[in-house]
Each structure stands twice: as C-alpha cells, then as structure tokens.
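The values are calculated or read from the model by the stated rules, or taken from the named source; none is laboratory data. The model shown is predicted, which means the values in this text are computed figures rather than measured ones. Backbone-built Cβ (ideal geometry, glycine too); neighbour counts: all protein chains shown.
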Amino acid sequence: MTHLTTDDVPLPAEIGPRVREFRRLMMNYKFGIDEVMTKITVLRDEFRHVHDDNPIEHLGSRLKSLESIVAKARRKGIPLTPEGVRENMFDVAGVRVTCAFVSDIYRVRDLLVGQRDLTVLEERDYIAHPKGNGYKSLHLIVQVPVFLSDRVEDVVVEIQLRTIAMDFWASLEHKIYYKYQRDVPQHLTDALKLAADVAATLDTTMERIHDEVRSLDGVPEPVENTDELATPREVMESFMRTAQVADEAFHERRHDG
C-alpha cells in the first residue's frame, strides 16, 4: 500500500464544483492514517526495544484515489459529496499490519481496541470466517480523533491485519482480479482457493513450530489439537498438489483454445 499526500490525488471532473471541500476531506483522511500509523508504530517500537518478540512484521498504508471514490460512488449509488463519502465509504483510508503468526494478529488487535481514543465501529473476522474465495484477514473499521486548528474531526480508517502468507495470497488474488477485470477464469479461482488452503496450513504449521521453539526456551505456549496440525512435509506436499492442479488446468485451457 502507498501512503499518498493530498497533492498526489487527482480531481475528477465530477467533483469540480466542490474541489476545496474534497481536498479538505482527503487531507483529513491522510491525517487519520497518520494517527493510526503512529499508534501502531509506537507499539512496534516498544516491542522491539522492551520485549523479546515483535508481533508486527510490516506496516503500510494507502489512501484511496478520488477516481476510485467516484467509481465506487457510481457503483453503490452513494452521493458524490464529502458527506456522502464520510457516511457511506469506510475504506477510503487504510492501514495494513502484517504479522508472522495468527496469534499475533489477535494480540495486536487487542492492543489497538484497548486504546481509549480509538473507537471500533465494526469488526470483520475473515480468519475465523473466510470468504468463499479463500480470502483471510481481520478487518477493523475504527474512528480516531484528528485535532485540527479549529476543531476535532473524527476520521474513519480501515485496519487490515494479516499474516505474511495471507498477505502474499491477497496480493496475488488482487492482481489476478485486476488483470481479468473481475471475470477470472474458473481454473484460476479454483487454484487460488487451493492456494488459500495451503497458506492456512502453512500458518498453522509455522505457529506450531514457533510454539515448540519457545517452549524449549522455557516459555511454553499451549497449542490445542496438535494431532490435527500438519507436518512441514505435509505442507510441502500440499504446495506441490496446488501447483500441479494449476499447471494442469493451464495446459488444458491452452489445449482447448
């Protein structure tokens, strides 16, 4: 995700009459991102210097472009006004936190939710309840106060928390959907779903290994249902099966064409 300044944001013709209002709106969203980024950066730096481990592997942000806002407003029937955007679009400002393990995601989530000046408006747990295509992530729609020169503005920011495997899968899925303009061939959606299952198995297995290593250091962490966890060999076999299915589907498609 790219952290944009308001000067980087183009202005579509549809909002020409309200340029100043939209400039201010986008600036406030940028400030909201800055507030959330600061909160998470403080947590990350504290973990690095005070604690033995750091649950935050990577931190990024993005500000939706005005072209994307206009397109979504048309698609969803949202009034193309600053008020319409504020009241109906909750993904204009986004922050993404990448963690090594699933348990770290919920750990960071609890730390953020516990902050008194951060209000959780909505929580979507796609880890416990994945989307049909295999997508996994924890989404928090939060509201943070931004202290301006003449007032305090409450800004909505979407926080996405993922593991490295989830983020890799989501990035690939996004590129594929963009390339095919959402009309993705069935063999690719099938392969993506298989890859999502493999990524989930990888997350579970790596966390088990992590827990075992920590227990050897005298810091035991209980793992439930260890008999059901895959071994590293099983994870690699799953990867190979996924790659084989995708390759066979690709060659079959070329042959049919």
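Can you tell me which residue in the stretch 162-218 is farthest from I127 (Cα to Cα), limited to those that are in contact with an Asp or Glu (Cβ under 7 Å, 6 or more places away or on another chain) and not aliphatic (A, V, I, L, M)?
Checked the stretch 162-218; the qualifying residue farthest from I127 (Cα to Cα) is S215.
Given the residues D167, D197, which is the only one that is acidic (D, E) and under 25 Å from M37 (Cβ atoms)? Walk me through it before giving the result.
On the way: D197 fails: under 25 Å from M37 (Cβ atoms).
Only one candidate passes the filter, namely D167.
Among the residues of the stretch 135-149, is any loosely packed, with under 13 Cβ neighbours inside 10 Å and part of a loop (DSSP other than H, G, I, E, B)? Give the derivation first.
Filtering the stretch 135-149 for residues loosely packed, with under 13 Cβ neighbours inside 10 Å gives 147-149.
Now drop any that are not part of a loop (DSSP other than H, G, I, E, B), which leaves 148-149.
Yes, some residue in the stretch 135-149 is loosely packed, with under 13 Cβ neighbours inside 10 Å and part of a loop (DSSP other than H, G, I, E, B).
Assess whether D227 counts as being modelled with pLDDT of 55 or more, of a type in the set (D, E, K, R) and surrounded by fewer than 11 Cβ atoms within 10 Å (Cβ to Cβ).
no
Across the stretch 122-151, what is the total count of residues that are over 17 Å from A170 (Cα atoms) and among the polar types (S, T, N, Q)?
Here the count works out to 2.
Output the residue which, of all residues in the stretch 119-134 that are farther than 15 Å from V102 by Cβ and acidic (D, E), is surrounded by the fewest Cβ atoms within 10 Å (Cβ to Cβ).
Per the stated criteria, the residue is E122.
Would you check if there is a residue in the stretch 97-120 being touching a strand residue (DSSP E or B) at 6+ places or on another chain (Cβ under 6 Å) and without any contact (Cβ under 8 Å) to a residue 24 or more places away in the chain?
So far as the stretch 97-120 goes, yes, one or more of its residues are touching a strand residue (DSSP E or B) at 6+ places or on another chain (Cβ under 6 Å) and without any contact (Cβ under 8 Å) to a residue 24 or more places away in the chain.
Count, please, the residues in the stretch 77-117 that happen to be more than 16 Å from the chain's Cα centre (by Cα) and not in a helix (DSSP H, G or I).
Summing the residues that are more than 16 Å from the chain's Cα centre (by Cα) and not in a helix (DSSP H, G or I) in the stretch 77-117 gives 10.
Would you please name the residue that is nearest to L194 (Cα to Cα), looking only at residues in the stretch 150-181 that are assigned to a strand (DSSP E or B) and of a type in the set (D, E, K, R)? Please lay out each step first, then the result.
Residues of the stretch 150-181 that are assigned to a strand (DSSP E or B), as a first pass: 152-163.
From what's left, of a type in the set (D, E, K, R): 153-154, 158, 162.
Values: E153: 44, D154: 41, E158: 28, R162: 18 Å.
Step by step, filter the stretch 150-181, then rank; the result is R162.
Which one is nearest to D190 (Cα to Cα), of the residues in the stretch 118-172 that are modelled with pLDDT of 95 or more and among the polar types (S, T, N, Q)?
Residue satisfying both the conditions and the ranking: S137.
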